[in-house]
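S.K.: Got a structure here, written out as structure tokens. Questions coming.
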Amino acid sequence: MTVPEVPTQGVTTPSDVTPSEAAPSAAAPSATPLTAADLTGHPAVRRVLDTLALHQVVPQVVSLPDAVRTAAAAAAALGITPAEIANSLIFRAHAPDQSISPVLILTSGAHKVDLVKVAELVDDIDHLDRADADFVLATTGFTIGGVAPVGHVVPIRTFVDVSLSRYRHVWAAAGHSHTVFRTTYEELLRVTGGHAIEVA
């Protein structure tokens, strides 16, 4: 995705975003609304931006007029492919001692996470299952559709899909279902303390 390189935290709209270099055939939305609310002051978004700032990251935040609760919806709004969306998915990790903890998997929107494969790759996870909305909110402080890679209310072990490294930039939720921010695979690994893994 080719966008201005100026490091700004200001909100832009989808009309400011051009199709990705990694996917030149991706068409921009045919009818892009002219305005979108600035949500950078929303408490959940602020938490994400403050956490990123601790890592010296001042991202480009895009505010979207409509909620984008799926990778397909986010990609359509931005004029990119779903593969360039870094989905933040929370799972319940069951340890051999029967304890349960949250796990965040940042996966390409083109992938469905193979829970059996991931559990086999991580030594201290017996199995994974999907988290419900209450578990997601309690462990991240975000509602489903707005879960960000950072800014969680409790520490969460994170794994990052290696396929995201194929793209110069990827986009992740910024704490609200109407906001996303531009980042990179390497930056996601750094700011989350995550581990690279094949998830599909």
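The values are calculated or read from the model by the stated rules, or taken from the named source; none is laboratory data. In this text, all values refer to a predicted model and were calculated from it rather than measured experimentally. Using ideal geometry, Cβ is built from the backbone for each residue, glycine included, and neighbour counts are taken over all protein chains shown. Keep in mind that these areas ignore ligands, DNA and RNA; they rest on the heavy atoms of the full protein, side chains included. Shrake-Rupley method; radii C 1.70, N 1.55, O 1.52, S 1.80 Å.
S.K.: Looking at segment 171-200 only, could you name the residues that are under 14 Å from residue 57 (Cβ atoms), among the charged types (D, E, K, R) and outside any helix (DSSP H, G or I)?
M.R.: 182
S.K.: Take the conditions open to solvent by less than 70 Å² (accessible area, probe 1.4 Å) and closer than 30 Å to residue 66 by Cα and apply them to residue 134. Does it pass?
M.R.: Considered against the rule, which asks whether it is open to solvent by less than 70 Å² (accessible area, probe 1.4 Å) and closer than 30 Å to residue 66 by Cα, residue 134 comes out as no.
S.K.: Then there's this: Against the conditions (1) part of a loop (DSSP other than H, G, I, E, B); (2) under 16 Å from the mean Cα position of the chain (by Cα), where does residue 106 fall short? Just the number, please.
M.R.: (1)
S.K.: Could you tell me whether residue 106 is open to solvent by 80 Å² or more (accessible area, probe 1.4 Å) and under 28 Å from residue 72 (Cβ atoms)?
M.R.: Here the answer is no, as residue 106 does not meet what is asked.
S.K.: Conditions: (1) open to solvent by less than 10 Å² (accessible area, probe 1.4 Å); (2) farther than 20 Å from residue 193 by Cβ. Residue 91 meets all but one. Number of the miss?
M.R.: Every listed condition holds for residue 91 apart from (2).
S.K.: Quick one: would you say residue 182 is within 28 Å of residue 55 (Cα to Cα) and of a type in the set (Lys, Arg)?
M.R.: Here the answer is yes, as residue 182 does meet what is asked.
S.K.: Please determine whether any residue of segment 175-183 is open to solvent by 40 Å² or more (accessible area, probe 1.4 Å), at positive phi and touching a residue at least 24 places away in the same chain (Cβ under 8 Å).
M.R.: no
S.K.: Also, I was wondering about something else. State which residue is nearest to residue 52 (Cα to Cα) when the search covers only segment 121-170 and only residues that are assigned to a helix (DSSP H, G or I) and touching a residue at least 40 places away in the same chain (Cβ under 8 Å).
M.R.: By that ranking, first place goes to 140.
S.K.: Would you confirm whether any residue within segment 72-88 is assigned to a helix (DSSP H, G or I), of a type outside the set (S, T, N, Q), loosely packed, with under 14 Cβ neighbours inside 10 Å and modelled with pLDDT of 50 or more?
M.R.: no
S.K.: Take the residues in segment 38-71 that are touching a Lys or Arg at 6+ places or on another chain (Cβ under 9 Å) and among the polar types (S, T, N, Q), then tell me which one is surrounded by the most Cβ atoms within 10 Å (Cβ to Cβ).
M.R.: Per the stated criteria, the residue is 60.
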